[in-house]
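Here the structure comes first, spelled out in structure tokens, and everything after it is commentary.
The values are calculated or read from the model by the stated rules, or taken from the named source; none is laboratory data. Everything numeric in this text was worked out from a predicted model, so none of it was measured. Because the Cβ atoms are built from the backbone with ideal geometry, glycine has one as well, and the counts that use them run over all protein chains shown.
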Amino acid sequence: MFRDLFFIAAAGAAGALCRYGSGKLAARWLGAGFAYGTLFVNVIGCFFLGSLLEYAAAKNAFPRGLALALGVGFLGSFTTFSTFGVETMRYVGEGQNTHATVNVLSNVILGLFAAWLGMRFGRMMAPTPG
């Protein structure tokens, strides 16, 4: 158990650094006018997590610790959107289209609402200048 946690944490640190670096590189190469870095990590994270999970399931190819390190650790800190994308596509693949739709709408709507609420709370808690 401790070994799994260590590998998840180490891979998570690497994923976070890669996410940060991807954002910086995207801003440098494509400009800072749009969230290209976030778009990149979300799309590439979905691809890699989907590939990892399907390959590991089909071939039983990865030891449990490695799958946890790559999936939960690295890709989990690189982007949580990848998990959202894979879970939604699993619902679609299982014919649970209502679950897929509710998952998409609730994550987007509640996520945006939570971001708005958190921003308001942060402004409220911040000391006023002067």
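Taking S51 as the residue in question, decide whether it is within 30 Å of F2 (Cα to Cα), assigned to a helix (DSSP H, G or I) and free of Cβ contacts under 8 Å to residues at least 60 places away in the same chain.
yes
So which of E94, E87 ends up being under 19 Å from the mean Cα position of the chain (by Cα), closer than 18 Å to E54 by Cα and charged (D, E, K, R)?
When all the criteria are applied, what remains is E87.
Is region 29-38 home to any residue that is outside the structural domain of N107 (by TED's automatic domain parsing), over 11 Å from the mean Cα position of the chain (by Cα), of a type in the set (S, T, N, Q) and surrounded by fewer than 18 Cβ atoms within 10 Å (Cβ to Cβ)?
The answer is no, given that none of the residues of region 29-38 is outside the structural domain of N107 (by TED's automatic domain parsing), over 11 Å from the mean Cα position of the chain (by Cα), of a type in the set (S, T, N, Q) and surrounded by fewer than 18 Cβ atoms within 10 Å (Cβ to Cβ).
Considering (1) within 15 Å of the chain's Cα centre (by Cα); (2) modelled with pLDDT of 85 or more; (3) within 23 Å of L112 (Cβ to Cβ); (4) surrounded by 19 or more Cβ atoms within 10 Å (Cβ to Cβ), say which one G23 fails and leave the rest.
(4)
Please return the ranges of helices (runs of 4 or more DSSP H) entirely within region 64-130 where 1 or more residues are charged (D, E, K, R) and at pLDDT below 85.
In region 64-130, the matching helices (runs of 4 or more DSSP H) lie at 64-68, 97-125.
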